[in-house]
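Structure first, then comments.
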Amino acid sequence: RLVREFVAQNNTSQIKHVIQILSQEFALSQHPHSRKGGLIGLAACSIALGKDSGLYLKELIEPVLTCFNDADSRLRYYACEALYNIVKVARGSVLPHFNVLFDGLSKLAADPDPNVKSGSELLDRLLKDIVTESNQFDLVGFIPLLRERIYSNNQYARQFIISWILVLESVPDINLLDYLPEILDGLFQILGDNSKEIRKMCEVALGEFLKEIKKNPTSVKFAEMANILVIHCQAADDLIQLTAMCWMREFIQLAGRVMLPYSSGILTAVLPCLSYDDRKKNIKEVANVCNLSLMKLVIPEDDEMDEAKQSMTLPAEPSSEESLSKPEAASSGITALNQPLSSPCSCERIQVTLNLDGIVQVLDCHLHDTSIGMMTRIAVLKWLYHLYIKTPRKMFRHTDSLFPILLRTLSDESDEVILKDLELLAEIASSPAGQTEEGHGPTDGSDVRPGPVELHVPARAGQLSSYSMKGLECSPSTPTMNSYFYKFMINLLKRFSSERKLLETRGAFIIRQLCLLLNAENIFHSMADILLREEDLKFASTMVHTLNTILLTSSELFQLRNQLKDLKTPESRNLFCCLYRSWCHNPVTTVSLCFLTQNYKHAYDLIQKFGDLEVTVDFLTEVDKLVQLIECPIFTYLRLQLLDVKNNPYLIKALYGLLMLLPQSSAFQLLSHRLQCVPNPELMQTTDNTKVSTSFKRTAASNIDYTELLQHFEKVQNKHLEARHQRAGRAEQLDRRVVL
């Protein structure tokens, strides 16, 4: 009644005096009953002031908020009730004091007393109604407080925060989306709360934000939220990880190339998810979409060598509706990092830089991690292959550092991983961008090809050792290989030499796949050239045997076998000479090469030399296998030539020579039965006396020095004999030491 009289008299000084007395002498008194009376009095003042209460809100609210911290729960309840009455009267006038009201309510929301909590909920609903109705809410001033309170660990406080975010998001005049980067991290942390109700509320809030993002992608600060998503995509909580991954999927599809600078972080989060089992199937599927969508963002323009032009310029989108239909189109309307997005009609152009070094570092780390799953390793290799296709010049700067781990990956347990690894290595070995230039290319001096062999080889192989690939000559059917091709062949053979199990179990598989991916002639030519200088003679013999088996039996090498069978061209004859010199490490494979190339006289000459060799069980086993091969479809032409006894005498002599080498075994019986089928020359004689021996005619035309080849064979076999004697001597010395 007193305040109403002062209001009627417009006596503001007396009104302030009354409020001051109620505050200082009662509401803030040391006596609890005085504090209760003061709170009731302040509420009464507010009711009496009516619309004019807005002029005195600071004086009315501050002592009430102080009582929110009172130890007496009854007092806290009275304070809540008093503030309710003050706010109810003042309505929109309290908005300038919203932050202090919100701060006080956030504390009451976690109050242990149910009555206080109930009262705070009533006040909370009233305040939400006022904010919803008003268009004067200061969102900018509120965000710092919201950002601070959102990290509370108290369940009730979290529930209070989420409820307010949902309310603010629902108000048309309040654009909370602009400030989403400030609170997104906190929202994801609340999503991991133990309370199902709070998790559900947080899911709803995040879902509403994502809907808004899809509706208005041009006003979203994608770049500012990218790292937040990267962190939560690696969360241990399945719900947080799945939600963050879904957001990441939408961000990549909506923002497009704006996400490229964050590719390394995205891949760090996404790649491990690709190996999840069915228990996390949803996360795995979304991660796969993220991975593929991100991969599509890398384009050939990212391969600009000029650092000044390293960034990619894109035009702004012509129409927002049209852009949303395609992720690729949507990406063109996004502005540079940490900048507001351009409007649909904007003509601005943007620059986005691909952090290739960061991406390669992440991929390299995942390849080195032996604990990652098969699907992750495959994805890493697909990424590297994609980068070599889209940005080959930049990628070749990393080739020397990637090469060792790519070679080690050939020992992987999974065939799929090995296939992808071989595809990648084949791309590195054949890409035009890999042709050595100044400052780039192979740096390992030990891997540089040695000087040319004594025997003339095709120009393309002889020039592989050069650091400059310009002017490289090759036959029309043989694609040009770059500077890394020979380095690859050297390191692959080193790998086989150091890891014999790999050669035994996967050697043939790897070489056959390489013959499909690259040029088979180049592969055999280069490997033969390298093996010619191999110091480990035992490995050289084993490797030659493996290559020979592949050459004679693999369907992938049908064309190469036909090329060698006739020796019609200088290229084929040079290839034969190159293979022959290395095949000399294994006598039986040398004979089989002569059979393949129809050099029957030379095959016979070689078999004559076998009498001087040390005949071992392994040697006889290889002869046995050669006999089995002669009965295979590959040597059908050879068996048919047995009908022409007159023109193929050395073929029959060579086969009889093999027969004489064999002990009485199944292979001996097989070859003996075959030779028994050779017809009598007189029965096969025809009236055509003009026919000339094809073997002699081709030998004359081939221009190959077989005498020199035979001498080379003897030289190589002498080396093998010396090596065996040395090994035997070392073994004998070791035995003596053991005895002593």
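The values are calculated or read from the model by the stated rules, or taken from the named source; none is laboratory data. This structure is a prediction, so every number in the text was calculated from the model and none was measured. Here the Cβ positions follow ideal geometry from the backbone for every residue, glycine too, while neighbour counts run over all protein chains shown. To get the accessible areas, we keep the full protein, side chains included, count just its heavy atoms, and leave off ligands, DNA and RNA. Shrake-Rupley method; radii C 1.70, N 1.55, O 1.52, S 1.80 Å.
Before moving on, here are some points about what is shown:
- Spacing of the two label points (7 Å from each Cα toward its C-beta) at Arg147 and Ile21, in nm: 4.6 nm
- In this structure, the amide hydrogen of Val352, modeled 1.01 Å from its nitrogen in the peptide plane, lies closer than 5 angstrom to those of Met312, counting only residues at least 5 positions away or on a different chain.
- Length released on extending from Arg125 to Leu55, taking residue separation times 0.36 nm less the Cα-Cα span: 22.8 nm
- Estimated at 0.36 nm per residue, the fully extended path between Leu675 and Cys365 surpasses their Cα-Cα distance by 105.5 nm.
- Note on Asn288 and Leu734: their simple-model spin labels are 5.1 nm apart, each label 7 Å out from Cα toward Cβ.
- The Cα-based radius of gyration and maximum Cα-Cα distance (Dmax) for region 499-583 are 12.5, 38 Å.
- Normalised size of region 1-137, defined as Cα radius of gyration per 2.2 N^0.38 Å with N residues, equals 1.00.
- Summed over the residues of region 206-292 and divided among them, the accessible surface reaches 37 Å² per residue at a probe radius of 1.4 Å.
- Cross-link pairs Lys107/Lys214; Lys16/Lys36; Lys36/Lys128 - those with Cα-Cα distance over 23 Å: Lys107/Lys214; Lys36/Lys128
- Dipole magnitude of region 377-419 about its Cα centre (Cβ charges: Lys, Arg +1; Asp, Glu -1), debye to nearest 20: 420 debye
- For the peptides 604-611, 670-677, 56-63, the ranking by packing is 56-63, 604-611, 670-677, with the highest mean count of neighbouring Cβ atoms within 10 Å listed first.
- The accessible surface of region 579-625, taken with every protein chain in place and a 1.4 Å probe, is 47 percent carbon and sulfur.
- Over 27 Å between alpha carbons, listed pairs Lys117/Lys215; Lys394/Lys501; Lys221/Lys296; Lys568/Lys719: Lys117/Lys215; Lys394/Lys501; Lys568/Lys719
- Surface composition of region 356-434: carbon and sulfur make up 50 percent of the accessible area, probe 1.4 Å.
- Spin-label model, Gln559/Asn99: points 7 Å from Cα along the beta carbon direction are separated by 7.5 nm.
- Cα shape, region 131-244, gyration tensor, a/c 1.5 rule: oblate
- Local net charge near Pro114, Cβ-Cβ under 14 Å (Lys/Arg +1, Asp/Glu -1): 0
- The residues of region 1-150 expose on average 50 square angstrom of accessible surface per residue, using a 1.4 Å probe on protein heavy atoms.
- Added length on full extension, which subtracts the Cα-Cα distance from 0.36 nm per residue, Asp705 to Ser665: 10.8 nm
- Arg639 sits among other residues whose Cβ lies under 9 Å from its own Cβ, and their net charge, with Lys and Arg +1 and Asp and Glu -1, is 0.
- For region 1-137, the relative contact order comes to 20 percent (Cα pairs under 8 Å, sequence separation of at least 6).
- Solvent-accessible heavy-atom area per residue, rounded to whole Å², over region 507-606 at 1.4 Å: 28 Å²
- Shown here for region 605-666: GluC sites (Glu not before Pro) in loop regions (DSSP other than H, G, I, E, B) with at most 15 other Cβ atoms within 10 Å, namely Glu614, Glu631.
- Carbon-plus-sulfur accessible fraction, region 1-137 (probe radius 1.4 Å, protein heavy atoms only): 49%.
- Here r is the Cβ-Cβ distance between Arg533 and Leu721 and R0 is 30 Å; the resulting FRET efficiency, rounded to 0.05, is 0.95.
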